[in-house]
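The values are calculated or read from the model by the stated rules, or taken from the named source; none is laboratory data. Note that the coordinates shown come from a computational prediction; the quantities given were computed from them, not determined experimentally. Backbone-built Cβ (ideal geometry, glycine too); neighbour counts: all protein chains shown. Side chains are part of the model used for accessible areas, which takes the heavy atoms of the whole protein and leaves out ligands, DNA and RNA. Shrake-Rupley method; radii C 1.70, N 1.55, O 1.52, S 1.80 Å.
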Amino acid sequence: MDAAAQLAEYEQAALAAIAAATDADGIEAVRIEYLGKKQGRLKDLQKLLGQVTAEERPVIGKQFNEVKNRVSAALEARQSELEKPTAEVEGIDVTLPGTPLRLGKRHPLTQTIDEFKSIMARLGFATVDGPEIEDEHHNFEALNIPAIHPARDPLDNFYLATAEKSSGGPLLLRSQTSTVQIRVMERTPPPVRIVSLGRVYRPDTIDATHSCMFHQMEGLWVEEGVTLAHLKSVLRAFMTAYLGDDVHIRFRPSFFPFTEPSVEADMSWRDDWLEIGGAGMVDPNVLKAVGYDPEKVTGFAFGLGIERFCMQRHGITDIRRFYENDVRFLQQF
Ligand code: DAH
C-alpha cells in the first residue's frame, strides 16, 4: 500500500474510533492510540515520510499534516462533548433555564434607621433600645409630666387593659422615645451620649401625614459643659450627613416639660422649611429624678420623627405608604 493510501486508511480508522468513544476514558485511549507522541499510529506513519521519493515528499508531507489536523480537531471536539455535564444530574435537568430568584429588600424605614444609627455613631452616640410597652413613670412622671398634664389623657394614649402590675404604674404603648432617656440615666452615671430609634404609638386620626404608629429618634448627651450650641451643631451635622450640604436649621422657642429651655427644630432643604422635632436642655428636675447633679452636669435632648426625613429625601407624599407593604412601593428603595 502506498503512503497516500495508508494515510487515508489511518484517518478513516481514527475518525471511526473517535466517534465510537463514549466517555472520557475511552476518548483518552483513542488519543493515545492514534495521536500519541511517543508511540502510536501517527508516529509510525511519520516514518513513511522518510521512505517516499524526493518528488512525492512535498505532496505526502502536506497530506500528512492535513490528516493529522483533521484527526486532532475531531478528537478535541469529541473530548469537549464528552466533558459536558450530563443532562440529568440526580433528577435535575441542568439544561433547563434557571428561575430568577427575586431577593427581598430591607424596608425603606429600616434602611433609614440603619443610616441614622451609623451617622450618629460617627458623631459619638451609642445606640440603645428601650421597651415599647412602658409604664407611666418612664413615659410621663420621670419626664416631669405630672398626672394632671393633658398629655396623659387616656384618649391621647394607648393604655393597656391589663391586670399586670408594674412598679411604675399603669402600662401603655410608649407615646415617645424620651422614655429611653430615663431608662439610660437610671442605670448609667454621666457622661451619657446615646440615641434610641424605634416605634411610638398615639391614637391619631390617620391621614397622609399622621399615623397611630410611627418612628422617632431620641438623642441625649449629658456631660459637664454641654450647651444648646452643641445641640445645634450635632443636629446640623446629622442633617447634613443625611440630606447634603444644602440643609439649614433653625430653632423656635417652645415648651416641653422635660426640657428647659425647649425648642422646636426646623430644617430647610430645597427652599422648604419643615418641622423635624422637639429638643432642648434637659430639665434639672429630670436630672435630679435619676440621681444626677444638675449643678455639675448639663445635657441636651432631642426627638425627631424618622418618617419625615425619609419622606423628604425620597419625595414620598403619604406616610401610609410605609405601612401598607405594597411591594410596588417597597421595591423602589
Ligand atoms: N418627645 C417629644 C415628642 O414626642 C419630642 C422631644 C421634645 C424629645 C424635646 C426630646 C426633647 O428629647 O428634648 O413630641
- Note on the structure: Per GNM of the chain with C-alpha springs under 10 angstrom, the most fluctuating residue out of Leu287, Leu109, Leu101 is Leu101
- Item | Peptides ranked, highest mean first, by Cβ atoms within 10 Å: ranges 242-249, 279-286 | 279-286, 242-249
- Query: Could you give the accessible area per residue of segment 3-83, probe 1.4 Å, as a whole number in Å²?
  - Reply: 63
- Identify the trypsin sites (Lys or Arg not before Pro) of segment 12-54 meeting these criteria: DSSP loop state and at most 16 other C-beta atoms within 10 Å of the C-beta. Lys37, Lys38
- Task: Calculate the tail of P(r) for segment 117-252: the fraction of all Cα-Cα distances greater than 27 Å, expressed in %.
- Result: 29
- Residue-ordered couplings for segment 188-199, obtained by feeding phi - 60° into the Karplus form 6.51 cos²θ - 1.76 cosθ + 1.60 and rounding to whole Hz (Gly and Pro as x), are 10, x, x, x, 10, 9, 9, 10, 9, 10, x, 7
- Task: Just need the relative contact order of segment 3-83 here, percent rounded to a whole number, with Cα pairs under 8 Å and 6+ apart.
- Result: 42
- Item | For segment 119-216: accessible area per residue (Å², 1.4 Å) | 50
- Message: Compute and list, largest first, the equivalent-ellipsoid semi-axes of the chain from the alpha carbon gyration tensor, each √(5λ) rounded to a whole angstrom.
- Response: 84, 23, 19
- Fraction in percent of alpha-carbon pairs per bin - 5 Å, segment 236-333: 2, 12, 18, 17, 13, 14, 10, 7, 4, 2, 0
- Task: Only helical DSSP H runs with n ≥ 4 go in: add -39500 (n - 2.57) per run for the chain, normalise by residue count and round the 222 nm mean residue ellipticity to 500 deg cm²/dmol.
- Result: -12500 deg cm²/dmol
- Note on the structure: Averaged over all viewing directions, the convex hull of the alpha carbons in segment 36-152 casts a projected area in nm² of 21.1
- Tell me, in nm to one decimal, what length is gained between Asn65 and Arg320 on full extension, where the rule is 0.36 nm per residue of separation less the Cα-Cα distance? 84.0 nm
- Message: Compute the distance from the alpha-carbon center of segment 278-327 to that of segment 41-90, in whole Å.
- Response: 80
- Task: Report, in debye and to the nearest 20, how large the dipole of the chain comes out about its Cα centre when Lys and Arg carry +1 and Asp and Glu carry -1 on their Cβ.
- Result: 780
- Specify which residue in the list Phe258, Ala126, Leu75 is farthest towards the positive end of the charge dipole of the chain, using unit charges on the beta carbon of Lys, Arg (+1) and Asp, Glu (-1), about the Cα centre. Leu75
- Query: Relative to the Cα centre, what is the charge dipole magnitude of segment 1-158, using +1 at the beta carbon of each Lys and Arg, -1 at the beta carbon of each Asp and Glu, and rounding to the nearest 20 debye?
  - Reply: 1340
- Leu49 versus Arg202: modelled label distance in nm, points set 7 Å from Cα along the beta carbon direction: 9.4
- Task: Grab the beta carbon distance between Ser167 and Thr99, set R0 = 35 Å, and tell me the FRET efficiency rounded to 0.05.
- Result: 0.05
- Note on the structure: Computed over the chain, the relative contact order (Cα-Cα under 8 Å, seq sep at least six) in percent reads 14
- Task: Just give me a number: lysine pairs in the chain, eight or more positions apart or cross-chain, with C-alpha atoms less than 17 Å apart.
- Result: 9
- Item | Fraction of antiparallel bridges per DSSP, the chain only, in percent to nearest 5 | 95
- Query: Which trypsin sites (Lys or Arg not before Pro) does segment 266-333 hold that lie in a coil by DSSP with at most 16 other beta carbons within 10 Å?
  - Reply: Arg270, Lys296, Arg320
- Note on the structure: Counting only residues 5 or more apart in sequence or on a different chain, those whose built amide H sits under 5 Å from that of Ser254 are Ser262, Val263, Glu264
- Scan segment 103-145 for chymotrypsin sites (Phe, Trp or Tyr not before Pro) in coil per DSSP, keeping those whose Cβ has at most 14 other Cβ atoms within 10 Å, and list them by number. none
- Item | segment 238-281, relative contact order [Cα under 8 Å, separation at least 6], % | 32
